[in-house]
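Input: a single structure, listed below in structure tokens.
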Amino acid sequence: MNWLTDQKIPLGKWIKSFADLLLDHGAWFFDYVSEFLKFLIEGVAGLLLAVPSLALVLALAGLAFWLHRSWKLVAAVVLLLLLVINLGYWETTVQTFTLILFSTVICVVIGVPVGIAAAHRPWLYNAIRPVLDLMQTIPTFVYLIPTMIMFGLGVVPGLISTVIFAIPAPIRLTHLGVSGVPRPLIEAGEAFGATRRQLLWKVELPHALPTIMAGVTQCIMLSLSMVVIAAMVGAPGLGVPVLRALNTVNIAKGFEAGLAIVIVAFLLDRLCKPRGGTKQRG
């Protein structure tokens with residue numbers, strides 16, 4: 001088999017040459033995007049941290065009650081966030097929340113329209129499906145390297161890597177929801193003279209909304225799972241104390257930081273679920 005290994009395809013060199021080409025001709029663009037995103041993310045995080053922690057806890061509790069009308073959820077929000085404050089991870093929790101917020105917004109803004117277009121054009125979904133499979137299966141560290149080279153260290157490469165990892169979820173579930181609209185429902189809309197745009201906004205999207213929201217929730221959870229990995233390239237948040245605890249074999253610190261991540265995941269999951277699902281859970 002030496003003849004086969006001796007004729008190795010220089011795939012890695014081709015990728016490196018492509019990355020070098022992007023850097024040589026588009027370094028100004030990557031710098032601009034990096035500075036712009038860094039300004040937005042750090043600005044939002046700084047604004048949230050400027051608010052007294054107890055006031056922000058009460059605001060989140062009010063949001064939880066407005067969304068779900070559940071005093072049990074309100075009590076859980078208050079008690080869990082007070083625990084985060086008590087453990088000393090409030091600042092890193094807010095930074096993590098900001099990163100998840102931006103990554104989710106980017107994924108939804110890009111993913112939902114792509115999913116809708118793919119549902120209406122089967123050839124498009126067949127074309128992007130291998131790309132989505134690759135984005136979900138390729139090891140995260142593989143695309144963490146080029147994003148770090150292009151955007152430098154800090155929160156931006158962590159954000160870009162998180163978006164790459166999480167965006168297939170809203171695309172797939174939006175495609176599933178829109179393509180799963182019953183044909184008789186669409187025919188009824190057409191019978192009343194609805195245009196394609198009216199069918200989309202008044203028939204397809206309302207019917208597919210639960211599935212789309214499931215994609216958004218899954219996107220949030222996938223983004224949260226990238227917290228520790230994003231910290232490896234300098235992104236602030238709860239991943240930083242986890243990495244420090246791992247390097248120093250600090251069990252107590254690692255457990256506390258991990259618990260804060262679990263609390264963020266629990267609260268975001270409950271806040272983003274439909275009101276009926278929360279009531280059923282009690």
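Please list, by residue number, everything in segment 158-178 whose backbone N is under 20 Å from a paramagnetic label point 7 Å out along Cα→Cβ of Arg196.
174-178
Expected output is a single nm value to one decimal: the length gained when fully extending between Lys13 and Phe266, i.e. 0.36 nm times separation in residues minus the C-alpha distance. What is it?
Using 0.36 nm per residue and subtracting the Cα-Cα distance, I get 86.8 nm.
Taking the Cα centre of the chain as origin and charging only Cβ (+1 Lys, Arg; -1 Asp, Glu), how large is the dipole, in debye to the nearest 20?
880 debye
If a helix is a whole DSSP H run, which ones in the chain reach 18 Å or further along their own axis (Cα) and hold a mean Kyte-Doolittle hydropathy of at least 1.0?
Taking the DSSP H segments of the chain (at least 18 Å long, mean hydropathy at least 1.0), we get 53-68, 71-87, 90-120, 205-225, 251-272.
What length, rounded to one decimal in nm, is gained on full extension from Gln136 through to Val105, with 0.36 nm per residue of separation minus their alpha-carbon distance?
Additional length available on full extension: 9.3 nm.
Checking the a/c ratio against 1.5 first, then a/b against b/c, what shape does the Cα gyration tensor give for segment 31-159?
It is oblate, given that a/c is not under 1.5 and a/b is not larger than b/c.
Could you work out [θ]222 nm for the chain from helices alone, using -39500 (n - 2.57) per DSSP H run of at least four and dividing by all its residues? Round to the nearest 500 deg cm²/dmol.
After summing the helix terms and dividing by residue count, I get -27500 deg cm²/dmol.
Could you look at the chain and say what percent of its accessible area is carbon and sulfur, using a 1.4 Å probe and all protein chains?
Of the solvent-accessible surface of the chain, carbon and sulfur hold 71 percent.
Residues of segment 150-170 with amide nitrogen under 14 Å from the 7 Å Cα-to-Cβ point of Ala27?
What the label zone holds, given the 14 Å backbone N cut-off, is 150-152.
Any idea which of Ile41, Leu79, His25 is furthest toward the positive side of the dipole for segment 1-114, if Lys and Arg beta-carbons carry +1 and Asp and Glu beta-carbons -1?
Comparing the listed Cα positions along the dipole, Leu79 ranks first.
I need to check one value: relative contact order of segment 1-98, counting alpha carbon pairs closer than 8 Å and at least 6 residues apart, in percent.
Relative contact order, segment 1-98: 25 percent.
Where in segment 3-89 are there trypsin sites (Lys or Arg not before Pro) that are in a DSSP coil and have at most 16 other Cβ atoms within 10 angstrom of their Cβ?
Listed in order of number, the matching sites are Lys8, Arg69.
Kindly report the accessible area of segment 44-161 per residue (heavy atoms of protein chains, probe 1.4 Å, no ligands, DNA or RNA), in Å².
50 Å²
Give the residues of segment 91-128 whose amide nitrogen is closer than 17 Å to a point set 7 Å from the Cα of Leu259 in the direction of its Cβ.
Those under the cut-off are 91-93.
Taking the Cα centre of each part, how many Å lie between segment 74-120 and segment 1-53?
Centre-to-centre (Cα) distance: 23 Å.
Among [x] 0.93; [y] 1.07; [z] 1.17, which one is Cα Rg over 2.2 N^0.38 Å computed from these coordinates?
This structure yields the entry labelled [z].
The values are calculated or read from the model by the stated rules, or taken from the named source; none is laboratory data. Given the structure is predicted, the values throughout are model-derived calculations rather than measurements. Neighbour counts are summed over all protein chains in view; Cβ atoms, including those assigned to glycine, are modelled from backbone coordinates with ideal geometry. We work out accessible area using only protein heavy atoms, side chains counted, and drop any ligands, DNA or RNA first. Shrake-Rupley method; radii C 1.70, N 1.55, O 1.52, S 1.80 Å.
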